[in-house]
Every structure is written in C-alpha cells, then in structure tokens.
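What follows draws every value from the coordinates through simple rules; no lab data is involved. Everything numeric here is computed off the predicted structure, so don't read it as measured data. A quick note on method: Cβ atoms are made from the backbone with ideal geometry, for glycine too, and the neighbour counts reach across all protein chains shown.
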Amino acid sequence: MRVLHVDQLFDNYAYLLIDEAAAVAAAVDVAEADSVLAAASEAGVSIKALLCTHHHFDHVGGNEALIGLLGDPGLEVFGYAGDAARIPGITHPLADGESFEIAGLRGCSIFIPAHTSGHLAYYFESQGVVFTGDTLFAGGCGRVFEGDAAQMKASLDRLAALPDSTKVYCGHEYTQQNLDFALSVEPGNQALQERVRAVAELREAGKPTLPTTIALEKQTNPFLRCNSEELRASLAKRFPGLSDDPVEIFAAARRLKDDF
Ligand code: ZN
Ligand code: FE
C-alpha cells in the first residue's frame, strides 16, 4: 500500500490510496477530477472508490466530474450517512465506527464533527494511516463552523487516541502557518522548534509536509496540548481569568488562531 499526494486548488491535497498488487486505488477528497485521474493513470492504477471527509467544495467539488469521467457504475463513494445530502454521488453512507473494504484494504470511519456537522476520518489500522480532512491538521486544527469547541476538542481527542505511529494525511498544506501560531503560544517547546526548522526545509524544497504522525502532533500541535502549562500561561495573558478547563483552553487557543 502506498499513498500519493495530488495537489488540488491552491493548498488542498487529494490522495490516492493505492493497492499496488491489485493496481487499484481509492481517492480521498477530490476537488479537481482531472489531476486526480492523471495521477492515477500515471501510477498505473484504476480508481475504485472515493472517500469524502466532509461536504466543503474543496473536498467534494470534483465528485461529479470524477464520477462522470470514470463512467464506472461500480464506483463506491463514501461519506457520513447523516450528511449524505451534501456529499455529491454518495453510494456508501457510513455511520461512526463502520468498517468497509476498498482497494483491497479494510478501513473504518471515525465520526469527528465540529468543522462540519458531518465530518469523517478514514482510518486504516493495518496500514497505520488516517485521513483527517479539515479536523486535525499538521500543527493545527480546522475552524469550528458547524459545532462548538467542546465538540471539536472531543473529535481531536479521538484522533489523538490512535497509535502514536499512525501516519496522518490531512486536507490542506497549512503546516507552516499553523506552526507559526504554535510557536507564538509555546515558544519554549523544543520539539516544536525542531519541527519548525524541518518544515521550513521541506517547503523550501517544494515538498509536502505530510504525512505527520499522531506522536508528532501530540508533541507540537497546540490543539492537542491543552495540558501544557506554557500554553495555558500564554493564553491566560490574552484571556485573563482563563480556567484550567481543557475545553476552555482549547476554545481560547482556537479563538486566538482565528485572528492570527
Ligand atoms: Zn473544510
Ligand atoms: Fe478544506
């Protein structure tokens, strides 16, 4: 199994999850069908499934075009069952924690609402890979559009509970901006300082900063670090009277990042 990045729009990633033995692939979050199809044909694989993390146009805007271009009535399109009306072409609505098989791989849905009310992650336990859309980013998290801070924190906590070695593929190349914010609230975090340097090198070389890992996120992502004393102290300077409640700390960090 391997995962291919496909650049989409300005700073989005679609992915091809490839089973090399069978020469088939699942596509994740397609905004532009042409480039995803070109990447699949260059890799010598045919797309048999489409995984959609959430309804935003930069994640499902290419669904109809991809379905049309593939012309395969057997194409399986996955998304959250409760949001089926907003996932174009959906054929396989999933509940939370539902197993499925695609491209020879067994995956499982993880319901992680708050960025949107119908957001899913797709977890492949045997391969140690998770696709997190716009919920968990490298060094950050998505904006809370259709939920609240408590819900987003709970969603992130579910992802943080995956094994440390799990590779995380998210929906956008936002890592550098995210880490700028992270460093502003946790300047003494050594793992974070090192990561800032490593990410700068990758970007200068024109390379993606993904995948990240759950372990690295727990060390450097402020939205998974609500127990950090330095983070709490930084936020308390901006939000006097901030309590020790992790949800309140999360909400303060998210509010600060919204205007960063
Ligand atoms: Zn989104
Ligand atoms: Fe997005």
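Between residue 157 and residue 38, the C-beta separation translates, for a Förster distance of 41 Å, into a calculated FRET efficiency of about 0.60. Stretching residue 180 away from residue 247 to a fully extended chain increases their span by 21.9 nm, per 0.36 nm per residue minus the current alpha-carbon distance. The amide H of residue 129, built 1.01 Å from its N in the peptide plane, has 124, 167 as neighbours under 5 Å, considering only residues 5 or more places off or on other chains. May I ask you to list the residues of the stretch 183-226 whose amide nitrogen lies under 11 Å from a point 7 Å from Cα along the Cα→beta-carbon direction of residue 237? Answer for this model: 184-188.
Less than 5 angstrom separates the built amide H of residue 213 from those of 168, all sequence-distant by 5 or more or on a different chain. What FRET efficiency comes out for residue 23 versus residue 218 if R0 is 30 angstrom and r is the Cβ-Cβ distance? Round to the nearest 0.05. Computed FRET efficiency for residue 23 and residue 218: 0.25.
Here is the size of the chain from its Cα atoms: Rg then Dmax, 18.2, 58 Å.
Between 72, 19, 29, the residue with the greatest mean-square fluctuation in the GNM of the chain (Cα pairs under 10 Å linked by springs) is 72. Across the chain, the mean sequence separation of Cα contacts (distance under 8 Å, 6 or more residues apart), normalised by length, yields a relative contact order of 13 percent. If the segment from residue 117 to residue 7 were pulled out straight at 0.36 nm per residue, it would be longer than the present Cα-Cα gap by 37.0 nm. Over the chain, dividing the summed -39,500 (n - 2.57) contributions of all DSSP H runs of at least 4 residues by the number of residues returns a 222 nm mean residue ellipticity of -10500 deg cm²/dmol. Highest GNM mean-square fluctuation, the chain, Cα pairs closer than 10 Å: which of 85, 25, 49? In this elastic network of the chain, the residue with the biggest mean-square fluctuation among 85, 25, 49 is 85. Stokes-Einstein diffusion coefficient for the stretch 112-260 at 10 °C in a medium of 1.306 mPa s, Rh from the Kirkwood formula over Cα pairs: what value in µm²/s? Answer from the Stokes-Einstein relation: 104 µm²/s. Of the residues 209, 103, 8, the one whose Cα sits farthest towards the positive end of the charge dipole of the chain is 209 (charges of +1 on Lys and Arg Cβ, -1 on Asp and Glu Cβ, taken about the Cα centre). Here the peptides 131-142, 87-98 are ranked by packing, the mean other Cβ count within 10 Å, and the order with the highest first is 131-142, 87-98.
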